[in-house]
Each structure stands twice: as structure tokens, then as C-alpha cells.
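Notes to accompany the following structure.
The values are calculated or read from the model by the stated rules, or taken from the named source; none is laboratory data. Keep in mind the model is a prediction, meaning the values are calculated, not measured. Note: ideal-geometry Cβ built from the backbone for every residue, glycine included; neighbour counts use all protein chains shown.
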Amino acid sequence: MSNITRYDPFSRLARFDPFWDMDEVFDKFMMRPVFREGLEIEPQIKMDVKESNGDYKIKAEIPGVKKDDIHVSIDGNRVSISAEVKKEKEEKEGEKVIRCERSYGMASRTFSLGEDVDQGKVQAKYTDGVLELTLPKKPGSSRKEIPVS
């Protein structure tokens, strides 16, 4: 006998997911929220974090930004990446803007790593809209697990 389950389109609304995107829900139902049409979309920094050979490797997508407008700060194991995204205004006579998805403003991400970072050996490279960070772990800052009694 086969198992039949009922599809509940609102099941995602019932659970809390911090990475959930409201636009994704509306896209699934083939409709767009009316209240968002006139608003600007905030710039976002998407990134991957990997750990290998005593280093943390980070790749952050920050397209359309000059490297002088990117700021990285490290405090112990806390890393902050921010960038100023600028939008060029280009209007021609006789043209009407129908939809504009490019944005401007400040984009930032702050996160904590498992161990402190050796700030003196950090390497940063920005190529083709991707910021690559190599963050070596600080020697002697080993993590100690404490048993709970």
C-alpha cells in the first residue's frame, strides 16, 4: 500500500526559519506581493565559509563594488564585512523605468568563528565581485570542552 500525504502550502509559515525568504513563498504561488513593488531591494552579501589546514576560507559575493568600498574588521573570532553599494542613476529622455532591481546602500555581514583569528596573517583578495579571505587560526587558542556534572 502506498503512503499518501496531503500537501500543506502553509507549512513553511508555521515553522521558524531565519534563512526563509518571503519572496520565495510568493514565487511558488505565482504571485508577487503588491506592497513590495515600489520598494528598493536591499543589497546582500552571500558567502561560503570553509575550514581547512588551520585556516578559515571565506568567499563573499559583493558584485558591483570597488575594492576601496569594502571594509573587513576582525575582533577575536568575530568577523565583519561591509561594503558600500552605489547605484548609478541613468535616465534618458523618453524612457520609462519599468522595474529596477539593482540597489545601493550599505551591505554588511557579521559572524563568529569557532576560534580566534591571527589578525597579523589575514589575507584578503577581491576579484570579479568575489572577496576571498584567508583567516589563519590563532596559535594557542585551542578550544576546551568542559564536562557538565
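Looking only at region 122-149, residues that are exposed (fewer than 10 other Cβ atoms within 10 Å of the Cβ), among the hydrophobic types (A, V, I, L, M, F, W, C) and modelled with pLDDT of 85 or more come to 1 in all. Residue count for region 62-87, restricted to those that are without any contact (Cβ under 8 Å) to a residue 60 or more places away in the chain, under 14 Å from residue 134 (Cα atoms) and surrounded by 15 or more Cβ atoms within 10 Å (Cβ to Cβ): 3. Restricting region 96-113 to residues that are touching a strand residue (DSSP E or B) at 6+ places or on another chain (Cβ under 8 Å) and in a loop (DSSP other than H, G, I, E, B), which is surrounded by the most Cβ atoms within 10 Å (Cβ to Cβ)? Here the residue is 113.
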